[in-house]
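What follows draws every value from the coordinates through simple rules; no lab data is involved. In this text the structure is predicted, and so the values were computed from the model without any measurement. Please note: Cβ atoms are built from the backbone with ideal geometry, for glycine as well, and neighbour counts cover all protein chains shown.
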Amino acid sequence: MLVNMKELLADAENGNYAVGSFSVANMEMVLGVLKAAKELNAPVILQIAEVRLKQSPLEVIGPLMVAAAKAASTPVAVHFDHGKTMEKISQALDIGFTSVMFDGSHLPLDENIKQTNEVIKKAKQYGAAVEAEIGCVGGSEDGSEDIAINCTKPEDAVRFEKETNVDALAIAIGNAHGNYKSTPKLRFDILEEVERITKTPLVLHGGTGITPDDFVRCSKTGIKKINIATATFDMVEKTVHDCYTENSIGGYYDLQAAEVEGAYRNAKRHILIFGTDNRAKC
Ligand code: 13P
């Protein structure tokens, strides 16, 4: 069932866990994530980032994501990740996404606040939730840019919350998109301080490669949404590769099944770490 992301984050707040937000690029990944959600009775978020629309056009994958969420047996929010332009954010809202991210992390704080408020005004017309980002998560969602990590200043989070009342706030605590070169050292001191002085549900980007212990610690320290992209793509590729190596792909539909399986395994693993199993309220 399609739900607003705000509801999922409020439940996560009450239950002291985080919800997985899984990037998808095709129908097989959508089906794999929702298979894991159904099996584990878990709420999930399906997302796609603006930079990924080159491969998966929004007008094609967007309606598919919304339709799949509506047909799902557990609560599913459909989220537009790293929105850069009002044009694409508006298109996602028109398609029925229940939340959008405006990524103004590269902007000066004043401008980020101003543009986030414009997106909030637009999203309100649709009853959709908005996520924003302050500080700078490293890398970029599709690996095309090598953005340096710029950790969030806790006082900026306070000001941002006060001046936007945004529904979810992505912060930078040493996390980065893509595969880490070595295990990341997350700045829990910053996270603890932001959690202490703000009330907004926090979002952790760059989930791939973060250790299970750190995920759990984050989820108990204000992080209510965790984004996973690269791990899904890698697991889908690996599962397909393994099936070819084992000679278990005899034709196209076996290949399709292997893709679903890869996305399912990855989502299942993360749902169990995040503690979202058996949290579906339907
Ligand atoms: P990873 O690719 O590191 O999992 O990051 C996902 C993400 O944060 C998408 O916004």
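What the phi angles of the stretch 168-175 give under the Karplus curve with 6.51, -1.76 and 1.60, with θ = phi - 60°, is a coupling list of 8, 10, 7, 10, 10, 10, x, 8 Hz, glycine and proline written as x. Computed from phi, the 3J(HN,Hα) profile of the stretch 82-91 under the Karplus parametrisation 6.51, -1.76, 1.60 (θ = phi - 60°) reads 6, x, 10, 10, 4, 4, 6, 4, 5, 5 Hz, with x in place of Gly and Pro. Treating each Cα of the stretch 105-239 as an identical point scatterer and summing with the Debye formula, the log10 of I(q)/I(0) at q = 0.13, 0.18 Å⁻¹ comes to -0.55, -1.01. Across all Cα atoms of the chain, the radius of gyration (one decimal) and Dmax (whole number) stand at 17.6, 57 Å. Remark on Ile171: its backbone amide H falls under 5 Å from those of Val203, His205, a criterion applied only to residues 5 or more positions apart or on other chains, H modelled at 1.01 Å from N. Among residues other than Glu59 with Cβ under 14 Å from its Cβ, the summed charge is 0 (Lys and Arg +1, Asp and Glu -1). Over all other residues within a Cβ to Cβ distance under 13 Å of Ala68, the charged ones net out to +2, with Lys and Arg as +1 and Asp and Glu as -1. Shown for the stretch 41-177: lysine pairs separated by 8 or more places, or found on different chains, whose C-alpha atoms are under 27 Å apart, numbering 29. By other beta-carbon atoms within 10 Å, ranking Thr276, Thr245, Thr198 with the fewest at the front produces Thr245, Thr198, Thr276. Working ranking of peptides 130-137, 108-115 by packing, defined as the average number of other Cβ atoms within 10 Å per residue, highest first, is 130-137, 108-115. Ranked for footprinting exposure by Cβ neighbours inside 10 Å, fewest first, Leu8, Leu204 give Leu204, Leu8.
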